[in-house]
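Below: the structure, in structure tokens.
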Amino acid sequence: MKIRLENITKTFKTTTAVSNLSFTIEDGEMICLLGPSGCGKSTTLSMVAGLEQPTEGEIYFDDVPMSGVQAENRDIGMVFQNYALYPHMSVQDNILFPLKMHHVPKAQRRERLEKISNMLQIQELLHRKPGQLSGGQQQRVAIARALIKEPKILLLDEPFSNLDARLRIELRDDIRALQQKLKITTIFVTHDQEEAMSISDRILLMKNGVLQQYSTPQEMYRTPVNLFVASFLGNPPINKLPCTLRDGVITLPGINGWKPDALEPVFCGEVQEQAVLGVRPEDILVVTEGEHLTAQVAAIQTLGKEVYLRLHHGEHTLTACLSWDHDYSIGDTLKLKLRKCYLFPSEGGL
Amino acid sequence: MRTNRLTDSPPVRFALRYKAWLYLLPALLVITVFQIYPICKSFLMGFYTDFDYLKDEVYAWGFDNFRNLMRDADFALAIKNTMRLALVAAPLSIAVSLLFAVLLNSDIRCRKVFQSIYFLPFVTSMVAVSIVWAWMLNKDFGLVNAILKVFGVKKIAWLTDPNMTLPILVVLCIWKGLGYRVIIFLAGLQGIDPRYYQAARLDGARAMNRFFHITLPQLGPTVFFLSITTVIDVFKTFDEVYVMYAKEPGPLKSGLTIVYYIFDKFYHNWSFAAAAAASFVLFLIVLAITLLQFGVVRLVALYDERRTSR
């Protein structure tokens, strides 16, 4: 089902949680609502679910306005952050609850229960109570409960935040595979940029209730619309250096031996004379000649296949992410070349 | 292990070992003297058949008191009245309290004001309340009949019609315990994670279904606790009857409860042993009903387990 939000605003007493948000999700897409905590992503999800009513604007499912349609009539499956499994019911009763509420015939209930529990591999757990399950198992049961009524829309609210790292990746892939198999329109909320990048078709990045960028993960990473988007995505985060731009030439105050030769920055926004130069850690290369600047190694962090270097030049600090084919030691002076860089308008201070 | 001379000395070790008991001692002492001892004594008194009350000398023991009790038509009536009252008043007052608690738990205005109003009877003397009720229910000058008159209802002899006694006592019972039970229910309701309701809404459950499938099962322990305390409360019904019906057990003894019977035997007939025996029977009845309630809960849990582990 296609979902369209038009000029949605949500205010709680004095605070505005979401302001003038508009976007469209195509049928069968998996969208991630991403942003720091308190950015309005959970509120947006609640409004799509029908648990909250927007103060202004309209939500359309397949061009049908949803205002006045209660959550119980919206045909949505939802997985909550802490799963919200009914503790007094067995796993089986939990999963069957939506069918019971929709008065599905008993024979069909059994059939669907069997199908969904096979799909999520929870046949062994059906007679247990939620309290007797591990986090990952509860997660699967919650997904089964959300999907058994075969909804047109699936909503996931921070579905992986209570799981350990290994399980998180495993379930992440499972959910993506399931979503693509069922071709169900899915919105999922997270504050983890890696999670968002890895499984969504498109990411919707929010900050303080305002939409920042809505695009594919690649596009968002490669052509961020502003400094916030650029710094929110990527780990380690993008390096930010204050610079000035005159006649297309970038100068970095306080950096000696800066040679902006053949540097073609990506312009992100209306860049004035005072600007910020953004460089992703993986775009810094160590070269023997043709360098843009030099810096000293201040700290080394090895992560197996790659190595993070903290580099100092005067008062500036840069982080570089390099493949571990060369041993570096603290105090080394390296010649650095910037493979790619971004220019952002200076946002007062930095 | 590190040894310490102070903590090794026998009296200190003794004190440390029974520290908890030392803290409990003052309260235990008071309870023993003023509650446990009298309970034991009155239990024994039920078996006195010949005794001197003032000198506390017992000449003969036996089951005569209980035998007389079983033959006494008044006692049978008292049990019947109390049972009927408990059967109607206890479930009704729990249901009504739950209804009010659910209403108060929703976002209504002046919620604190309502809460205080409901709690008022609980902090008011039952005697004072009963006098006011007796006055309101007066056939000729009472508020209730005055209001009913507006709707064209003829005067009802609330306090002199034996058929009206049970309904009046039921209403009084619901009203007087409402505040207490609402508070207990509110605490239970507040303990339910709101996400269960959100999940249930998305699962397609309407308000009624949410109440029966989420609220009620989640309140299970609260309902159980209240069903026990309410039944015990109803079995202790006495003051309202005594005051409202001017020291009589209601018209045609329709308000004769077990506690009224005990009181009557004790203060009016001076037959202390009979009163003691009746108290003992009351204790046995309450105990039996409480055990029955525990049994039902265990049975339900067992059934639930069987069903899910099938």
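The values are calculated or read from the model by the stated rules, or taken from the named source; none is laboratory data. What you see is a predicted model; the values in this text were computed from it and never measured. FYI the Cβ positions are ideal-geometry reconstructions off the backbone, even for glycines, and counts take in every protein chain you see. In case anyone asks, the SASA skips ligands and DNA or RNA and just uses the protein heavy atoms, side chains included. Shrake-Rupley method; radii C 1.70, N 1.55, O 1.52, S 1.80 Å.
With the simple spin-label model, which puts each label point 7 Å out from Cα in the Cβ direction, the B:LYS19 to B:ILE108 separation comes to 5.0 nm. Per residue, the convex hull around the alpha carbon atoms of the range A:3-231 comes to 129 Å³. Legend: mean number of C-beta atoms from other chains within 10 angstrom of residue C-beta atoms, peptide A:86-94, equals 5. Can you show me the helix-derived [θ] at 222 nm for the protein assembly as shown, built from DSSP H runs with n ≥ 4 at -39,500 (n - 2.57) apiece and divided by the number of residues, rounded to the nearest 500. Mean residue ellipticity, 222 nm, calculated: -14000 deg cm²/dmol. Taking B:VAL297, B:VAL259, B:VAL223 as the candidate residues, the one with maximal mean-square fluctuation in a Gaussian network model of chain B, Cα springs under 10 Å, is B:VAL297. Candidate membrane-span-like segments in chain B, meaning DSSP H helices with Cα atoms spread over at least 27 Å of their own axis and a Kyte-Doolittle mean of 0.0 or above, are B:73-105, B:162-190, B:272-308, with no membrane implied. Counting 0.36 nm for each residue step from B:ILE117 to B:LEU29 and taking away their Cα separation leaves a gain of 27.9 nm.
Rolling a 1.4 Å probe over the protein heavy atoms leaves A:ASP332 with an accessible area of roughly 50 Å². With 0.36 nm allotted per residue and the present C-alpha distance subtracted, the B:VAL12-B:ASN68 stretch has 14.6 nm of extension available. Excluding same-chain neighbours fewer than eight residues apart, the lysines reachable from B:LYS55 by a Cα-Cα span under 26 Å are B:LYS41, B:LYS265.
The accessible-area loss of the range A:110-130 on complex formation, taken against its chain alone with a 1.4 Å probe, reaches 50 Å² or more at A:HIS127.
Two-decimal Rg/Rh of the range B:52-93 from alpha-carbon positions, Kirkwood Rh? Spell out each step's value before the answer.
Working: Rg = 16.6 Å, Rh = 13.0 Å.
The Rg/Rh ratio comes out at 1.27.
Amide hydrogen proximity for A:GLN212: with H placed 1.01 Å from N in the peptide plane, the residues at 5 or more positions away or on another chain lying under 5 Å are A:LEU205, A:MET206, A:LYS207. Computed over the Cα atoms of the range A:76-161, the ratio of the radius of gyration to the Kirkwood radius (Rg/Rh) comes to 0.93.
Measuring how big the protein assembly as shown is from its alpha-carbon positions, Rg and Dmax come out at 37.7, 122 Å.
Compare A:LYS305, B:LYS19 by solvent-accessible area with a 1.4 Å probe and give them largest first, with all protein chains kept in place. Could the numbers behind the result be given before it?
On the way: A:LYS305 165, B:LYS19 95 Å².
Final ranking, largest accessible area leading: A:LYS305, B:LYS19.
Scanning chain A for long hydrophobic helices, with DSSP H runs required to stretch 15 angstrom or more by C-alpha along their axis and to average at least 0.0 on the Kyte-Doolittle scale, returns A:91-101.
Taken over the Cα atoms of the range B:236-310, the convex hull encloses 101 Å³ per residue.
Tell me the relative contact order for chain A as a rounded percent, counting alpha carbon contacts under 8 Å between residues six or more apart.
This gives 16 percent for chain A.
Of the residues B:VAL30, B:VAL170, B:VAL296, the one that moves most in a GNM of chain B with alpha-carbon contacts below 10 Å is B:VAL30. Percentage of Cα-Cα pair distances in the range A:1-67 greater than 19 Å, rounded to whole percent? Looking at the range A:1-67, the distances longer than 19 Å represent 27 percent of pairs.
Going by accessible area, probe 1.4 Å, with all protein chains left in place, what is the ranking of A:TYR60, A:TYR86, largest first?
Working: A:TYR60 45, A:TYR86 0 Å².
Listed by decreasing accessible area, they come as A:TYR60, A:TYR86.
Calculate, for A:THR302 and A:SER161, the FRET efficiency according to 1/(1 + (r/R0)^6) with r their C-beta to C-beta distance and R0 22 Å; round to the nearest 0.05. Can you show the working numbers first?
Details: r = 28 Å, r/R0 = 1.28.
My answer for the efficiency is 0.20.
If you model the range B:77-255 as an ellipsoid using its alpha carbon gyration tensor, with each semi-axis the square root of five times an eigenvalue, the axes come out at 35, 19, 15 Å, biggest first.
Two-decimal Rg/Rh of the range A:237-345 from alpha-carbon positions, Kirkwood Rh? The partial results should precede the final answer.
Details: Rg = 13.8 Å, Rh = 14.3 Å.
Answer for the range A:237-345: 0.97.
Of the trypsin sites (Lys or Arg not before Pro) found in the range B:85-186, the ones in coil according to DSSP and having at most 16 other Cβ atoms within 10 Å of their Cβ are B:ARG109, B:LYS139, B:LYS154, B:LYS155.
Take peptide A:66-75, look around each residue's Cβ out to 10 angstrom, count Cβ atoms belonging to other protein chains, and average those counts. Walk me through the numbers before you get to the answer.
Values: counts 0, 0, 0, 0, 3, 8, 10, 3, 3, 2.
The mean count of partner-chain Cβ atoms within 10 Å per residue comes to 3.
Computed about the Cα centre, the dipole magnitude for chain B is approximately 1220 debye when only Lys and Arg (+1) and Asp and Glu (-1) carry charge, each at its Cβ.
Running a GNM on chain A with Cα contacts under 10 Å, which residue among A:THR43, A:THR251, A:THR15 ends up with the highest mean-square fluctuation? For chain A, modelled as a Gaussian network with Cα springs under 10 Å, the answer is A:THR15. Projecting the Cα atoms of A:GLN301, A:PRO345, A:HIS316 onto the charge dipole of chain A, computed from C-beta unit charges around the Cα centre, puts A:GLN301 farthest toward the positive end.
On the principal axes of its alpha carbon atoms, chain B extends 74, 64, 45 Å, with the longest extent given first. Rounded to the nearest 100, the interface formed by chains A and B buries 2300 square angstrom of accessible surface, both chains summed, with a 1.4 Å probe. B:CYS110 contributes about 80 Å² of solvent-accessible surface, heavy atoms of the protein only, 1.4 Å probe.
Surface composition of chain A: carbon plus sulfur atoms contribute 47% of the solvent-accessible area (1.4 Å probe, protein chains only, all chains present).
Assuming R0 = 60 Å, can you tell me the calculated FRET efficiency for the pair B:VAL171 and A:SER231, based on Cβ-Cβ distance, to the nearest 0.05? Mind dumping the intermediate values first?
Details: r = 68 Å, r/R0 = 1.13.
Plugging the Cβ-Cβ distance into 1/(1 + (r/R0)^6) gives 0.30.
Taking square-rooted eigenvalues a ≥ b ≥ c of the alpha carbon gyration tensor, is the range A:249-288 rounded, prolate or oblate, where a/c under 1.5 means rounded and, failing that, a/b exceeding b/c means prolate? Verdict is oblate for the range A:249-288.
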